[in-house]
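One structure is given below, encoded as structure tokens.
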Amino acid sequence: MTNYTKIIDYRSDTVTKPTPEMRQAMFEAKVGDDVFGEDLEMLELEKTAAEMLGKQSALFVPSGTFGNQLAFLTHCRHGDEMIISDASHPVQYEAGAAAVIAGVQLRTIRNPEREWISWDEIETLIRKTEDIHFPKTGLIEIQNTLGNGTVMPLDTMSEIKQNAEKYAIPVHLDGARIFNAAVALNVDVKELAKHADSVMFCLSKGLCAPIGSMLAGTSEFIQKARKNRKLMGGGMRQVGILAAPGLIALKKMSKRLSEDHENAKKLALILSKFDIFDIKPEEVQSNIFFLRFKSKKSNIAELFIEKMKSNNILLTPPRYGACRFVTHFDISKEDILRTEMVLDKIVKELMSQV
Ligand SMILES: *Cc1c(COP(=O)(O)O)cnc(C)c1O
């Protein structure tokens, strides 16, 4: 056990590196000036992404944060209000960008029981009358999968989209892990995308591309977004070297995500055998889950993470006393078994300390 040197990295699926096939494709990419619309590899990626999502058009952006913020800027005017979950990525992890770039006011819905927001919660916050005091409701933002790895039900998405149309308010889907959501719901990714006017998803997470995300929507919306991307400094030149691995991410890596979900479930089951952990494996839906502790000792999560680290297993610092596990392409079935062996050892140590 001591000579086992591979690091098992559960911190995030963003740690995945481009596969050898991706590196070869990067080497061979047919590049051109993409701001002039001459990068053949990128034209192919944008066409493929749009087709797979069932949207008219798609645009490559440097990151998921860029894609979300570009969508807000393109849908809204300064001073508009956007309805969004308090647990959402733009509220929690995008450095306040919505206030800086799109200049929108975030009207948040707080629901600690579940991270997704329902139509009933949204409707109460919509500005329904014209009044000189009121901002305009410019956008509704939803997310799938959610930060805790659970999935928003399709009928909730559909209800939001249909009702938002009655108020002529667009819906943006933060689908950073939309392919994971599609696998978890056992539907084609189009079935999720159709419930939103614009969709952002990441190529660089579980899909293993080194850099990049896509924003998809109508041709008119993407044309506007392309100009705004330029404004934000996101017009890139021979970007085909990133489109080439992106195409492999879309066509090939999106088809294997169920393995990551199975590994997450298996790992959760293993963890549930230990008395000190508070976890329900049946609630694990995708490649992300949180582990809680039954002990009230305040530093137990930190202790656990430290012990895992000294056995070459990496986790991010705890959030509200819970540890996040993320499975991905670089986590194999053998790694799950190796984690079980490490747990057998360190849980005993932990028990003696708490
Ligand atoms: C990762 C993530 C983003 C942002 O992507 P970056 O490429 O890290 O900027 C946005 N939304 C969700 C839900 C994410 O998980």
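The values are calculated or read from the model by the stated rules, or taken from the named source; none is laboratory data. Computed from a predicted model, the values in this text were never measured in an experiment. Cβ coordinates were reconstructed from backbone atoms using ideal geometry, including for glycine residues, and neighbour counts include every protein chain displayed.
Worth pointing out:
- All strands (runs of 3 or more DSSP E) inside the range 55-158 with 1 or more residues being away from the ligand (no atom under 15 Å from the Cβ), under 14 Å from GLY175 (Cβ atoms) and assigned by TED's automatic domain parsing to the domain that holds LYS205: 57-61
- Qualifying position, being of a type outside the set (A, V, I, L, M), in a helix (DSSP H, G or I) and buried (at least 20 other Cβ atoms within 10 Å of the Cβ), among GLU51, GLU41, GLU21: GLU41
- Qualifying helices (runs of 4 or more DSSP H) (wholly inside the range 164-267; at least 3 residues being touching a residue at least 24 places away in the same chain (Cβ under 8 Å), under 21 Å from LEU139 (Cα atoms) and more than 16 Å from the ligand (Cβ to nearest atom)): 219-231
- Filter result (more than 24 Å from the chain's Cα centre (by Cα) and touching a residue at least 24 places away in the same chain (Cβ under 8 Å)) within the range 112-152: GLU123, LEU125, ILE126, ARG127, LYS128, PRO135, LYS136, THR137
- Any hit, the range 110-122, residues being modelled with pLDDT of 95 or more, in contact with a Phe, Trp or Tyr (Cβ under 6 Å, 6 or more places away or on another chain) and of a type outside the set (S, T, N, Q): no
- Residue within the range 113-123 that is hydroxyl-bearing (Ser, Thr, Tyr) and more than 14 Å from ILE84 (Cα to Cα) present: no
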